[in-house]
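For reference, the structure is listed below as structure tokens.
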Amino acid sequence: MSGHIQPCSSSSSATTEYPNNLMMKLPLPFLFTILIVDFPSLSSTAAVADHNLVSYGGKPNGETDSSAAFLEAWNAACSSPARSTITVPAGRFFVNRPVLFSGGPYCKSKGITFRILGTLVAPSDYRVLGKATDWISFNSVSGVTITGGTLDGQGSGLWACKNNIRRHHGCPGGATTLSFSNSKNIMISRVTSLNSQLYHIVINGCNGVTIQGVTVTASGNSPNTDGIHVQLSAGVTISNTRIAIGDDCVSIGPEPRIYGSGMWPVGPATDLDEPGVRNVTVTSTTFTGTENGVRIKSWGRPSNGFVNRVHFEHITMVNVQNPIIIDQNYCPGNKGCPGQVSGVKISDVKYQDIHGTSATEVAVRFDCSSEHPCTGISLQDVKLTYRNRPPLASCAHAGVLSYGYVQPESCS
């Protein structure tokens, strides 16, 4: 992990909100492309075949494994070029093993919508899924929509294992609740993800993804339960989303181009990764009780990574420990990086109209690489307070410019 933008990270479950006008912007050509994406709609006038999960053997009793029923319903929907809906009715559907929905040439459908009215439940024994990469995953699909419902990862057992100092080395890594890889024109709407073993939602190598009205919840002591992780993807929109977890709320990996709006993390922070991240805007967001607000971090070791053209604007901080932070000496446990210097180049990062309260005296911290100092860092109209008085700013190896009213005073 090289460069990383992060809104979430706390020892207790905190909250980050992304309202309707929260945006991660792209240059206009990218924005235009996103706005004309044709996502399948339940209100379409074209004929839509409906596949009820119960008709394929799914049982809403929370005990009978419905994994095979999901795959049979998917195969039936894929067999026709028409758009289809897979309906998961009310009730609790036990999904006892990893389920992979594959697209590509084998799926003829122009668009498949999962209409979830009930809850999908993972096994409570974390060893069943613990060594799997994903619980519910989609690969090489196009035009898939998931709307409504709850995905319950039942991850508390694995968290307890990882948090036990004497046992954690023997714990499996855990499974991501929902992932999309190598896919396009995806929508995830009004879905609730609870208690994932690992990451809640992962978008990997995708183009044209909308995540809206999503709720992500896990305990504050849930390790590595990032809310939404995006990597190697373009044209991603996150809006009207609320995240309260024990790790990064939104993390962004290599070379994403993201347009986001709405409600974001309620908890730890939002992250950026190697080889590089660029063209990201986070706007109209509230962080409440989080460890970090807007954070860019990189490992303190050699890298060819970069982070540039990142804008944070119209953001409210409520009792946040590190409201504004760049950390290029990230080295958890002092393993693999002590005494080394980050090679990640950070440039053109703008902070505009950020206000609220800091839980610590140092509200702005730029701890940049001594080998590749941060350049083009700017603060404009920033007003943060600590216990009703001006906080402090700390800067190392950072070129910082201030415009308008800035509190704390910039250490340019």
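The values are calculated or read from the model by the stated rules, or taken from the named source; none is laboratory data. As the structure is a prediction and not an experimental result, all values here were calculated from the model. Here the Cβ is made from the backbone with ideal geometry for all residues, glycine too, and neighbour counts use every protein chain on show. Surface accessibility is based on the protein's heavy atoms, side chains included, excluding ligands, DNA and RNA. Shrake-Rupley method; radii C 1.70, N 1.55, O 1.52, S 1.80 Å.
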At what distance in nm do the modelled label points of R389 and V54 sit from each other, each positioned 7 Å from its Cα along Cα→Cβ?
6.5 nm
Antiparallel bridges, percent of DSSP beta bridges restricted to segment 355-412 (to nearest 5)
5 percent
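So how do H355, H311 rank on accessible area, 1.4 Å probe, biggest first, that is with the largest at the start?
H355, H311
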Sequence neighbours fewer than 8 away in the same chain don't count; with that in mind, list the lysines whose C-alpha is under 29 Å from K350.
K25, K297, K383
Please work out whether segment 348-389 counts as rounded, prolate or oblate from its C-alpha gyration tensor, where a ≥ b ≥ c are the square roots of the eigenvalues and a/c under 1.5 means rounded, while otherwise a/b larger than b/c means prolate and anything else oblate?
oblate
Carbon + sulfur, % of accessible area of segment 173-254 - ligands and nucleic acids excluded, 1.4 Å:
43 percent
Ordering K184, K335 from largest to smallest accessible area (1.4 angstrom probe), what's the sequence?
K335, K184
In segment 316-411, carbon and sulfur make up what percent of the accessible area (probe 1.4 Å)?
46 percent
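Starting from the Cα-Cα distance between A160 and T375, subtract it from 0.36 nm times their residue separation and give me the gain in nm to one decimal.
73.2 nm
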With T = 4 °C, eta = 1.567 mPa s and Kirkwood Rh from C-alpha pairs, the Stokes-Einstein D of segment 70-229 in µm²/s is about 81 µm²/s
For segment 295-412, size of Cβ-based charge dipole, Lys and Arg +1, Asp and Glu -1, in debye:
280 debye
Give me the lysines in straight-line cross-link reach of K110: C-alpha distance below 24 Å, same-chain residues under 8 apart excluded.
K184
Report the paramagnetic label zone for A90: residues of segment 116-144 whose backbone N is under 13 Å from a point 7 Å from Cα along the Cα-to-Cβ axis.
117-119
Computed FRET value (nearest 0.05) for L401 with N221, which takes r as the C-beta separation and R₀ as 41 Å:
0.55
